[in-house]
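Notes to accompany the following structure.
The values are calculated or read from the model by the stated rules, or taken from the named source; none is laboratory data. Worth saying up front: this structure is predicted, and the values here are computed from it rather than measured. Cβ atoms come from the backbone with ideal geometry, glycine included; neighbour counts cover every protein chain shown. Accessible surface is based on the protein model in full, side chains and every heavy atom, while ligands, DNA and RNA are left aside. Shrake-Rupley method; radii C 1.70, N 1.55, O 1.52, S 1.80 Å.
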Amino acid sequence: MARRSTPLLRRLLAPSPSPSPYPSTPLAGAVSRRTVTYMPRPGDGAPRGVTLIPGDGIGPLVTGAVRQVMEAMHAPVYFETYEVHGDMPTVPAEVIESIRRNKVCLKGGLATPVGGGVSSLNVQLRKELDLYAALVNCFNLPGLPTRHDNVDIVVIRENTEGEYSGLEHEVVPGVVESLKVITKFCSERIAKYAFEYAYLNNRKKVTAVHKANIMKLADGLFLESCREVAKKYPGIQYNEIIVDNCCMQLVAKPEQFDVMVTPNLYGNLVANVAAGIAGGTGVMPGGNVGQDHAIFEQGASAGNVGNEKIVEKKRANPVVLLLSSAMMLRHLQFPSFADRLETAVKRVIAEGKYRTKDLGGTSTTQEVTDAVIAKLG
Amino acid sequence: MALRRLLQGSVLPRVAGRALAPAVAPFSTESGETIRATLFPGDGIGPEIAESVKQVFNVAGVPIEWEEHYVGTEVDPRTESFLTWESLESVRRNKVGLKGPMATPIGKGHRSLNLTLRKELGLYANVRPCNSLPGYKTRYDDVNLVTIRENTEGEYSGLEHQVVRGVVESLKIITRQASLRVAEYAFHYAKANGRERVSAIHKANIMRKTDGLFLKCCREVAEKYPEIQYEEVIIDNCCMTLVKNPVLFDVLVMPNLYGDIISDLCAGLIGGLGLTPSCNIGEGGICLAEAVHGSAPDIAGKNLANPTALMLSAVMMLRHLQFNDKADRIHNAILQTIAEGKYRTADLGGKASTSEFTNAVCDHI
């Protein structure tokens, strides 16, 4: 009981109103919150378990930051931590078991050794739990200067098949084949997820990214599925764009894109380009979701765990994982905690005093974390 | 005569699957000897911009004699496309060519024009230098990189089939031979053009065998060029770094699909396909420079087209022929004209016509 009343009391006793997440309401400046409230069901405040995988490289640093902030907010989540590293042959069964039980996981990156032996654990987790949609939210953060403005793109990427099927073999010495598999089943469900996402989040347009002029059957099947689903959502605009043109347009006119749905490999590229133009993979949150489970992590490039120098000097950027954990809190239906966390992070970035190297500053992870905690309302 | 014999002799027999394109086109700049080059003006705005190139070359005194060939109106059964056998023979004979934009006719029973050229001439590497044009402001000011893309295999092998209803497989093929060939060209290009670093772009953490083989070949070639730095970059990081800080890249060598996407991305960084030169390298030292933009039928014949892409591609062709001083003069003339800003075509935000722009370039030579 005390855990829930403390934040309420703090807000009532706060001398200055926290900035409203809905700045357009006329009373935003005067009183802190005059919006229709979120009415929970009894018991909604019970703490939820979340599996936490610190991961490799900068992973432990940034997940540690998330933990500190969650504690400071007294958020109703408790973490079950498991050590997993990218060079393990498989994800340990107990970790999968824990995720199945908790339904939600937060993880740092798992570095895959290049070129040999071990298959990527990031991919393995996604396939094992059938997390078929990967979502990256790329948007301009106020106060963070980038070359492109008006970026607000969500890339939804098919996560289980396509080029990442892992089916490779050497035909004869010196000739290697890799199979790209596209199925109607997977294409349909990712298209459905994309349109449903757009519908639930009041997004106006869904763009399918493909290379069907060259890969006529494979990407043709993907497009067919998208078109079928598009018919069921007449209120949402649908168009298609070839992947190379898409990348060119992203660097020239990113404001034309809203929600993008792509097969696996193109999704990887497009998500990284979109994240790059909006501020970098150090700030763009994302996650993977399936029918029953969700894993939240760095939006794009989850295999990128930074280099030893950053880890040593403890200068990793915790913003991305903090924003992903805000996404997680919303997914768990704790909207007010999600709002507070998001607002605090945005204010720290907007102020510009505490920024890590990839955003042009010199702060350490801990300094940024402390700044976020200080700004929690 | 002697030149031609030299050329034929320099195509080394394939040893252990490695086909060496002659490192430098052995054209000597003997005074007075004109080089014959094939010209495909193409469709739409193609003929106008080809005229611009010819005009500029005349003013600069480039000793090139053009053999013009056009896309036919009927399918030639010998090539299964609208390009005639004579056109292809011409390129094979001359070893250099310049191609304007070609619109592929829709329909069945013939191969696409680009596919025909690629297969018949063995064009295995696509080279696109992307340099920010001084004076033409884009969001990126200091782009100075070259993308070299393997052009024959990879994901674009065209081998797809439907396994059962609703399940399609597409094959990505990587061979040692093709990877070595493009890696050799990339390092040779870097050395010949004074570049310091070659980056191989891959996704070998996921596609371990295919991109792994590509990387292995690049490493083998890298050992033979110790003076050139070599690094490997995963495509995710490459994309991100290109949009955040493109100055960190020098020469990029990639398999087919990544190359397609990254080269268009880099074109976007400097201002679009209307400003990007491109050149295809083929077996036996063939160099076919081309403009990669479309044929723009809506402005065809109206003297509004921007000839920059074709002109810069022609400059690439000249450098391949080792007419370096002439190439530099024309290149500088183009850059100066654009930088001054007085004569810019509509796509760059100006009001000049094609001929005005071309005349301005000629004046600057």
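Details
- Of B:Y185, B:I270, B:V167, farthest towards positive along the dipole that unit charges on Lys, Arg, Asp, Glu beta carbons give the range B:139-270: B:V167
- Applying 1/(1 + (r/R0)^6) with r as the Cβ-Cβ distance of B:N303 and B:N332 and R0 = 25 angstrom yields a FRET efficiency of 0.50.
- For residues of A:156-165, the mean tally of beta carbons on other chains within 10 Å: 2
- Anchor A:K180: aspartates and glutamates whose Cα lies under 12 Å away (excluding residues fewer than 8 positions away in-chain): A:E161, A:E163, A:E168, A:D219, B:E155, B:E160, B:E169
- Burial order of peptide ranges B:253-266, B:224-237, A:190-203 (average beta-carbon count within 10 Å, highest first): B:253-266, A:190-203, B:224-237
- Interface residues in the range A:269-315 - accessible area drops by 20 Å² or more relative to the isolated chain, probe 1.4 Å: A:L269, A:N272, A:V273, A:G276, A:T281, A:S301, A:N304
- Out-of-range pairs (alpha-carbon distance over 23 Å; input B:K95/B:K203; A:K107/A:K192; A:K103/A:K192; A:K205/B:K203; A:K127/B:K216; A:K353/B:K244): B:K95/B:K203; A:K107/A:K192; A:K205/B:K203; A:K127/B:K216
- Buried area at the A-B interface (accessible, heavy atoms, 1.4 Å probe, summed, Å²): 4500 Å²
- Over the protein assembly as shown: helical MRE at 222 nm, DSSP H runs n ≥ 4 each giving -39500 (n - 2.57), nearest 500: -12000 deg cm²/dmol
- Rounded to 5, percent antiparallel among DSSP beta bridges of the range B:139-270: 30 percent
- Expressed as a whole percent, the accessible surface of chain A that belongs to carbon and sulfur atoms is 55, based on a 1.4 Å probe.
- Between 0 and 90°, nearest 10: helix A:264-278 axis offset from chain A longest Cα axis: 40 degrees
- Per-selection Kirkwood Rh - the protein assembly as shown (Cα, Å, 1 d.p.): 27.7 Å
- Of all the options B:L180, B:L310, B:L115, the one that moves most in a Gaussian network model of chain B with Cα springs shorter than 10 angstrom is B:L115.
- Shown here are the Rg and Dmax of the Cα trace of the range B:290-335, at 12.5, 37 Å.
- Cysteines without a disulfide-compatible neighbour (Cβ-Cβ under 4.7 Å), chain B: B:C217, B:C218, B:C238, B:C239, B:C279, B:C287, B:C362
- Helix A:243-252 axis, angle to chain A major axis (alpha carbon atoms, nearest 10°): 40 degrees
- Solvent-accessible area per residue, Å², over the protein assembly as shown with all protein chains present [probe radius 1.4 Å]: 41 Å²
- Chain A, Rg to Rh (Cα coordinates; Rh as Kirkwood inverse mean 1/r): 0.97
- 3J(HN,Hα) couplings calculated from phi for the range A:326-342 with the Karplus curve 6.51 cos²θ - 1.76 cosθ + 1.60 (θ = phi - 60°) are, in sequence order, 5, 4, 5, 4, 5, 4, 7, 6, 10, x, 5, 5, 4, 4, 4, 5, 4 Hz; Gly and Pro show x.
- Per-residue mean of foreign Cβ neighbours for B:264-276 is 4 (Cβ atoms of other chains, 10 Å radius).
- Volume per residue of the convex hull around the Cα atoms, evaluated for chain B, comes out as 156 Å³.
- Pair B:R139, B:N193: separation of 7 Å Cα→Cβ label points (nm): 2.5 nm
- Chain-alone versus full-assembly comparison, the range B:152-182, residues with accessible loss of at least 40 Å² (1.4 Å probe): B:Y156, B:E160, B:G166, B:V168, B:E169, B:S170, B:L171
- Helix screen, chain B: no DSSP H segment has Cα axial length of 30 Å or more and mean Kyte-Doolittle hydropathy at least 1.6.
- Using alpha-carbon coordinates, inclination of helix A:2-13 to the longest axis of chain A, degrees: 60 degrees
- When chain A is treated as a GNM with alpha-carbon contacts under 10 Å, the residue of A:V84, A:V175, A:V270 showing the greatest mean-square fluctuation is A:V175.
- Antiparallel bridges, percent of DSSP beta bridges restricted to the protein assembly as shown (to nearest 5): 50 percent
- Distance from the range A:142-173 to the range A:254-273 (C-alpha centre basis), Å: 7 Å
- All C-alpha to C-alpha distances of the range B:139-270, sorted into 5 Å bins beginning at zero, yield P(r) values of 2, 10, 20, 22, 19, 13, 7, 4, 2, 1, 0 percent in whole numbers.
- When the other protein chains are added to the chain by itself, burial of at least 10 square angstrom of heavy-atom accessible area (probe 1.4 Å, ligands and nucleic acids ignored) affects these residues of the range A:246-260: A:C247, A:M248, A:V251, A:A252.
- Of all accessible heavy-atom area on chain B, the percent that carbon and sulfur account for (1.4 Å): 51 percent
- For the range B:148-208, the list of GluC sites (Glu not before Pro) that fall in a loop by DSSP and count at most 16 other C-beta atoms within 10 angstrom reads B:E196.
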